[in-house]
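The values are calculated or read from the model by the stated rules, or taken from the named source; none is laboratory data. Predicted, not measured: the structure shown is a model, and the values here were computed from it. With ideal geometry, Cβ positions are generated from the backbone for all residues, glycine too; neighbour counts draw on all protein chains shown. Only protein heavy atoms, including side chains, enter the accessible area calculation; ligands, DNA and RNA are left aside. Shrake-Rupley method; radii C 1.70, N 1.55, O 1.52, S 1.80 Å.
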Amino acid sequence: MNAFQLAGDMTHLLSVIFLLLKIRSTKSCAGISLKTQELYVIVFLARYLNLFTKYYSFYNTTMKLVFIGTSVCIVWFMRFHKVVKQTYNQDQDTFRHYVLIPFCFVLALLIHREFTAFEVLWSFSLYLEAVAILPQLILLQRTKNIDNLAGNYVFLLGAYRALYIFSWIYRFFFETHRVRWIPWVSGLFQTALYADFFYYYIKSWKNNENLKLPA
């Protein structure tokens, strides 16, 4: 593990813990897409199935359990908490996210490192993660006043993916000297989806204004 990967892991961890704690403390999930959160639950479950078959390290196991647990908790709060669920922007969170699941799974069946159950599911999780943020970004575009909860959460998610790209570049030049096409291409595509959001987030931060995205 290099410094970029560690920073990426910590940024990713901070994003989900920040979101979960904010939802619990404010009893509000306004501006957060339930559909994106449901897609992330599927991503982590598909990617971390080897949690039950192979042990890498205490750090690796702990991170997997934390990401699965926090994602499930966020979905539970948004769906079943009697106060939080009333703040969910259901009428604006209308992206048909279920279409992404079979599309990414078929793509994983066609493009994978090795045709085994774990490798196909690993590829599927990468493809699905690359587009899981789409419902959230579309929801933010439809929301006139984007609060700090949603804006900071999405920024941290984008920063995590950007740091992982730096990690891959570092590993290519100093460790492996080879390209892993599936995570690289899916990661670059995912980061590109954040580009417009990054621009307006940084612009609002510099001007000390509320975050607003173009419709």
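Every helix of 4 or more DSSP H residues in the chain counts as -39500 (n - 2.57), and over all residues that averages to -23500 deg cm²/dmol at 222 nm. Taking the chain as a Gaussian network of alpha-carbon nodes connected by springs under 10 Å, the highest mean-square fluctuation of the residues Phe103, Phe52, Phe18 belongs to Phe52.
Taking label points 7 Å from Cα along the Cα-to-Cβ direction, Gln141 and Trp181 give a separation of 3.0 nm.
When +1 charges are put on Lys and Arg Cβ atoms and -1 charges on Asp and Glu Cβ atoms, the dipole computed for the range 7-87 relative to its Cα centre reaches about 280 debye. Once you have a ≥ b ≥ c as the square roots of the Cα gyration tensor eigenvalues for the range 1-130, tell me rounded if a/c is under 1.5, and otherwise prolate or oblate according to whether a/b is larger than b/c. The shape class here is oblate.
Rolling a 1.4 Å sphere over the protein heavy atoms, what is the accessible area per residue of the chain, to the nearest Å²?
Numbers: 11820 Å² over 215 residues.
With the other protein chains kept in place, the chain gives 55 Å² per residue.
The Cα center of the range 8-74 and the Cα center of the range 137-196 differ in position by 16 Å. The modelled label-to-label distance for the pair Asn148/Leu13, using points 7 Å beyond Cα in the direction of Cβ, is 2.4 nm. In summary, the aspartates and glutamates within cross-link reach of Lys22, defined as a Cα separation below 16 angstrom excluding same-chain residues under 8 places away, comprise Asp147.
Per the Kirkwood formula on distinct C-alpha pairs, the Rh of the range 93-156 is how many angstrom?
Working: mean 1/r = 0.0753 Å⁻¹.
It works out to 13.3 Å.
Under a cut-off of 19 Å between alpha-carbon atoms, report the aspartates and glutamates in cross-link reach of Lys64, not counting same-chain residues fewer than 8 places apart. By straight Cα distance, Lys64 reaches Asp9, Glu38, Glu119, Glu129. In this rough spin-label picture, where each label sits 7 Å from Cα along the Cβ direction, the Met63-Phe118 distance is 1.7 nm.
Each residue of the range 136-143 is assigned a 3J(HN,Hα), and the resulting list reads 5, 5, 5, 4, 5, 5, 8, 8 Hz, derived from the Karplus form 6.51 cos²θ - 1.76 cosθ + 1.60 (θ = phi - 60°), x at Gly and Pro.
Can you tell me how the range 88-215 classifies by the Cα gyration tensor, rounded, prolate or oblate, using a/c under 1.5 as the rounded cut?
Numbers: a/c = 3.43, a/b = 1.45, b/c = 2.37.
Oblate shape, in that a/c is at least 1.5 and b/c is the bigger or equal ratio.
Measure off, as a whole percent, the carbon and sulfur share of the 1.4 Å-probe accessible area of the range 50-160, all protein chains present.
Whole-percent figure for carbon plus sulfur exposure: 65.
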